[in-house]
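Trainee: Questions regarding the structure given below will be posed in turn.
The values are calculated or read from the model by the stated rules, or taken from the named source; none is laboratory data. Small disclaimer: the values here were computed from a predicted structure and weren't measured. Here the Cβ positions follow ideal geometry from the backbone for every residue, glycine too, while neighbour counts run over all protein chains shown. Accessible surface areas use protein heavy atoms only, side chains included; no ligands, DNA or RNA. Shrake-Rupley method; radii C 1.70, N 1.55, O 1.52, S 1.80 Å.
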Amino acid sequence: MTRATEIHLVRRPRGEPVDDDFRAVQVELDDPGPGQVLVRNVVMSVDPYMRVRMAAVLPGYPSWDLDAPMDGSAVGVVLASAAEAFPVGTVVSHRYGWRDHALVPAGGLRRIVPDPSIPLTAHLDVLGMTGLTAFVGLRDVARIRPGEDVWISGAAGAVGAAAGQIARLLGAGRIVGSAGSAAKVRQLVDELGYDAGFDYHVPDLPAALAAAAPTGIDVYFDNVGDDHLEAALGSIRAHGRIVVCGAINQYNALGERPGPRNLIAILTQRLRVEGFTVREHLAAYDGFVAQASDWLRQGSLVSTVTVVDGLDRAVHAFREMLRGANRGKMIVRISDDPAPTGSAG
Ligand code: NDP
């Protein structure tokens, strides 16, 4: 038996989540049964989509149960194993986040081959679902072509930081990003390879976009929705593509915000507007990880993370991420990295 702590959702948040919407619960985990492993979690991800999972059901997007552990991406090390392919000491990624230990079926595990030049946190960032989201959003959904100009909103966050760099690696033309502070905008240009950026806290968003992308854009990678989408529709060229990756402006107020007023641009500019979820693109994952690992080692892709220590601060990290306190990927460190030998530690 192993004593574990899990974070449960106990009430559906109204507006911004508060601490009382969650509870830390102690549980006793059995020893692994056939085909299972016991994992000590090292780092876990907090993501905007989790706010949507906390809400009532949206079509195609099931909500989390109350009084049950939440889930999400995590990286950990196998402490006990009844699954031959994952012996003790194997470093793994899986979906049993929001807890310090988990019993995981082997089918839900991916092996991570430790590389001293790549921190484990990168496997939740540019080598994880974050990087894959940026990559498939640009390559497969936008089908971006060399020289095309792109605007990425939420640009200093996890997906945005990856998307700017990957757009460059895929041969994009002018790459413009928007974010929530002047310091974040400086980081876009100084560290993440963006050509220009602007703070979206302006009275006239279309004017700010027009100043950063004076001749317009071919692709809009939308992480925000609403007024950002409206601004993109006003700047996009004929036959442009809008990749609907996220709509974070709505997550604390689903169904309460007005949409863009200029959807007619989809008709007049003959646009393709396409939403996607990364989970439908997992077949691309292995190829992406190989490519992105090379980019990381060469230094043409960097992983930017904000780390909050302690499972007991995971809810805090989640709330702070929604408010924009993160640069790059918001990650919660739950325990120490395994020893370099891969021993269970
Ligand atoms: P981020 O790391 O970008 O964190 C969220 C950021 O959103 C904050 O840092 C904040 O930065 C910004 N933000 C918060 N509220 C607003 C607002 N009202 N308007 C504009 N920006 C806001 O998270 P991720 O990179 O993980 O996710 C980014 C987007 O991508 C989200 O919409 C998410 O749902 C989506 N996503 C979609 C996936 C898919 O499969 N389609 C997969 C993964 C993510 P700031 O300081 O700039 O305001």
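Trainee: For ALA85, indicate whether it is within 30 Å of GLU256 (Cβ to Cβ) and more than 16 Å from the ligand (Cβ to nearest atom). Steps first, answer last, please.
Mentor: Numbers: within 30 Å of GLU256 (Cβ to Cβ): no; more than 16 Å from the ligand (Cβ to nearest atom): yes.
So ALA85 does not fit the description; no.
Trainee: Within the stretch 176-195, how many residues turn out to be among the aliphatic types (A, V, I, L, M) and more than 27 Å from GLU320 (Cβ to Cβ)?
Mentor: Count: 0.
Trainee: Right, another one. With respect to ALA284, is the statement that it is within 17 Å of the chain's Cα centre (by Cα), modelled with pLDDT of 95 or more and surrounded by fewer than 17 Cβ atoms within 10 Å (Cβ to Cβ) true?
Mentor: The answer is yes for ALA284.
Trainee: Moving on to the next point. Hey, any hits in the stretch 270-279 for a residue that's buried (at least 17 other Cβ atoms within 10 Å of the Cβ) and farther than 23 Å from MET44 by Cα? Give the derivation first.
Mentor: Taking the stretch 270-279 first, the residues buried (at least 17 other Cβ atoms within 10 Å of the Cβ) are 271, 273, 278.
Then drop every residue that is not farther than 23 Å from MET44 by Cα, which leaves 271, 273.
Checked the stretch 270-279: at least one residue is buried (at least 17 other Cβ atoms within 10 Å of the Cβ) and farther than 23 Å from MET44 by Cα.
Trainee: Let me ask something additional. Based on this model, can you work out whether VAL315 counts as within 14 Å of the ligand (Cβ to nearest atom), more than 15 Å from the chain's Cα centre (by Cα), surrounded by 13 or more Cβ atoms within 10 Å (Cβ to Cβ) and assigned by TED's automatic domain parsing to the domain that holds ARG14?
Mentor: Judged against the criteria, VAL315 is not a match.
Trainee: Check off (1) within 16 Å of the ligand (Cβ to nearest atom); (2) open to solvent by 20 Å² or more (accessible area, probe 1.4 Å) for ILE266 and give me the number that stays unchecked.
Mentor: (1)
Trainee: Every residue in the stretch 35-54 that is within 13 Å of the ligand (Cβ to nearest atom) and either modelled with pLDDT under 95 or open to solvent by 40 Å² or more (accessible area, probe 1.4 Å) (or both), please.
Mentor: If the condition is that a residue be within 13 Å of the ligand (Cβ to nearest atom) and either modelled with pLDDT under 95 or open to solvent by 40 Å² or more (accessible area, probe 1.4 Å) (or both), then PRO48, TYR49, ARG53 are the ones that fit.
Trainee: So for the stretch 93-113 (the condition being within 30 Å of SER335 (Cβ to Cβ), open to solvent by less than 10 Å² (accessible area, probe 1.4 Å) and β-branched (Val, Ile, Thr)), does at least one residue qualify?
Mentor: Yes, the stretch 93-113 has at least one match.
Trainee: List the pairs whose first member sits in the stretch 228-250 and is more than 15 Å from GLY216 (Cβ to Cβ) and open to solvent by 20 Å² or more (accessible area, probe 1.4 Å), whose second member is basic (Lys, Arg) and assigned to a helix (DSSP H, G or I), and whose Cβ atoms are under 9 Å apart, counting only residues at least 6 apart or on separate chains?
Mentor: If the second residue must be basic (Lys, Arg) and assigned to a helix (DSSP H, G or I), the pairs left are ILE248/ARG51.
Trainee: State all residues of the stretch 119-151 that are within 24 Å of TYR200 (Cβ to Cβ), near the ligand (Cβ under 10 Å from one of its atoms) and among the β-branched types (Val, Ile, Thr); if no residue qualifies, say none.
Mentor: THR130, THR133, VAL141
Trainee: Another question, then. Which residue, of LEU301, LEU254, is surrounded by 13 or more Cβ atoms within 10 Å (Cβ to Cβ), hydrophobic (A, V, I, L, M, F, W, C) and away from the ligand (no atom under 13 Å from the Cβ)?
Mentor: Numbers: LEU254 fails: away from the ligand (no atom under 13 Å from the Cβ).
Sole residue among the options that is surrounded by 13 or more Cβ atoms within 10 Å (Cβ to Cβ), hydrophobic (A, V, I, L, M, F, W, C) and away from the ligand (no atom under 13 Å from the Cβ): LEU301.
Trainee: Find all pairs meeting these conditions: Cβ atoms under 8 angstrom apart; at least six residues apart or on different chains; first residue within the stretch 262-274 and closer than 14 Å to LEU229 by Cβ; second residue of a type in the set (Asp, Glu) and in a helix (DSSP H, G or I).
Mentor: ASN262/GLU230
Trainee: What is the number of the single condition among (1) more than 16 Å from the ligand (Cβ to nearest atom); (2) within 22 Å of ALA283 (Cα to Cα); (3) open to solvent by 20 Å² or more (accessible area, probe 1.4 Å) that PRO32 does not meet?
Mentor: (2)
This table checks each residue for (1) more than 14 Å from ALA134 (Cα to Cα); (2) more than 9 Å from the ligand (Cβ to nearest atom); (3) of a type in the set (Lys, Arg); (4) touching a residue at least 24 places away in the same chain (Cβ under 8 Å).
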| site | (1), (2), (3), (4) |
| --- | --- |
| SER153 | no, no, no, yes |
| ALA161 | no, no, no, yes |
| GLY164 | no, yes, no, yes |
| LEU170 | no, yes, no, yes |
| GLY173 | yes, yes, no, yes |
| GLY177 | no, yes, no, yes |
| ASP190 | yes, yes, no, no |
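Trainee: Moving on. Any residue in the stretch 196-209 that's charged (D, E, K, R): show its pairings with residues that are modelled with pLDDT of 95 or more at Cβ separation under 7 Å, as long as the two are six or more apart or on different chains.
Mentor: Final answer for the pair search is ASP199/ALA179; ASP199/GLY180; ASP199/SER181; ASP199/ALA182; ASP199/VAL185.
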